Structure formats: structure tokens, C-alpha cells
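The values are calculated or read from the model by the stated rules, or taken from the named source; none is laboratory data. Bear in mind the structure is a predicted one, so any value in this text is a computation, not a measurement. In this analysis, Cβ positions are derived from the backbone assuming ideal geometry, glycine residues included, and neighbour counts consider all displayed protein chains. Surface accessibility is based on the protein's heavy atoms, side chains included, excluding ligands, DNA and RNA. Shrake-Rupley method; radii C 1.70, N 1.55, O 1.52, S 1.80 Å.
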Amino acid sequence: MRSNIPWARPGLTVGLLGGSFDPPHAGHVHITRQALRQFGLDRVWWLVSPGNPLKAEGPAPLARRMERAKTLMRHPRVEITDLEAQIGTRFTAQTLAALLRLYPGVRFVWLMGADNLASFHKWEQWQEIFETVPIGVLARPGDRTAARCSVAAARYVNRRLRASQSRLLPWVSPPAWCFVNVPMVNFSSTEIRARGDWVR
């Protein structure tokens, strides 16, 4: 493992925004800034993954996606990292287990758009993810109803915090999740690739 993994001291609250970022775009920046504010986070780390296990086609080279992400997301409390490639994890549940070992005392929150919550039950060991760290869900255009009616939302309906309690989320023992509505910015990596603005 390389030595340039992010630094975090015990007691910090760190949001984790994972994905292929193929490509990174203004929507990622928007939900990152909203997550910092809505959930009272000290930091957000972008976990630019080597590849998405749910997608048959591989993403653009990791170095290219990292470079684009660092150019796009400039904020003193946000770090762009290829941590999953460094520690050798492929699935989110594995990544979270490794982070809890590497950073004892850090309060992690998994961040996702509402579109991901709608299909979360298809993720590898999705219930284990819910049981490991609190989850912050940020609404995106067209995904609110599907997310709120999802398998995951139904399974953990009694562990949901109200939006007015969102800043408590990092301090609540999992399973815990909070769904917040944020001002909409409608960007999609899929649409950007379809327009030809990002070639793998």
C-alpha cells in the first residue's frame, strides 16, 4: 500500500463519495458541497474507483479520471483519492471495512445520490454497508420517489433520520440514514459520454 492515503485524526467526520467518476462533473461538485453543509461534515473524500462492478464496460483510465476530478473539485475540505486502488478493495463493503481499520475513531458517512439508493439492494453486501456506517442520501432530479420506495429504504425505514436531523447523522450508530432534498443540478456522466464530451 502506498503511503499517500488521506490523513484524518480520530473524531473527524468524513463523508465518502464513491464512484467511477467517468467523467467527474458539476453534479458531483454540487452534492459534495451540499453534503458538507447538510450533514455537518469536516471533510469529504472522493473515492475514484478502479471500476464499477455493476457495469460491464470499464471506465476511462484511473489517472485520467483523477486528473479531471482534481481540476474540477477545488475545495479545502475535499480530497480526491484513488484509495480503493491503493488498498486493493473492489466492493464498497470491503472498502468500508478497510477504512474502519485504517482510521480508528474517524466518523465516516457514506454519501450517495437518490438514484443510487433506488438500486442499492443490487450492490454486493448492501445490508452490511448499511450496518457499517451511516448513509447520507441527497436528492437528484427524478429519483426521489423511486429512492423512497426502494428495497433498502423499506428495509431500514425505522432507522431513517428526519431531514431536520441531518447534522446528527455522523454521530448516530448504524444502521442510520437520512434523505435530504437539495437544490437541483441535473448532470449525468452517462449523458456527458453520450454527447461525446468525454471519450474513454
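Could you pull the Cα extents of the stretch 35-172 along its three principal axes, largest to smallest, in whole Å?
Projected onto the principal axes, the Cα atoms of the stretch 35-172 cover 40, 34, 31 Å.
Using 7 Å Cα-to-Cβ label points, what is the Arg162/Leu100 separation (nm, one decimal)?
Distance between the two pseudo-spin positions: 2.9 nm.
Per residue, what accessible area does the stretch 55-159 have, given a 1.4 Å probe and all protein chains present, in Å²?
Values: 5170 Å² over 105 residues.
On a per-residue basis, 49 Å².
Short version: what are the Cα gyration tensor semi-axes of the stretch 46-125, square root of 5 times each eigenvalue, largest first, in whole Å? Walk me through the numbers before you get to the answer.
Numbers: eigenvalues 74, 68, 40 Å².
The answer is 19, 18, 14 Å, longest axis first.
What are the equivalent ellipsoid semi-axes of the stretch 85-126, built from the alpha-carbon gyration tensor (square roots of five times its eigenvalues), in whole angstrom, biggest first?
Details: eigenvalues 88, 35, 14 Å².
After diagonalising the Cα gyration tensor, the semi-axes are 21, 13, 8 Å.
Select from Gln94, Gly113, Trp126 the residue farthest towards the positive end of the dipole of the stretch 33-173; place +1 on Cβ of Lys and Arg, -1 on Cβ of Asp and Glu, and compute about the Cα centre.
Sorting the options by dipole projection puts first Gly113.
Starting from 0.36 nm per residue, how many nanometres of slack lie between Asn181 and Ala60 once their C-alpha separation is accounted for?
Working: separation 121, 0.36 × 121 = 43.56 nm, distance 3.08 nm.
Length gained, Asn181 through Ala60: 40.5 nm.
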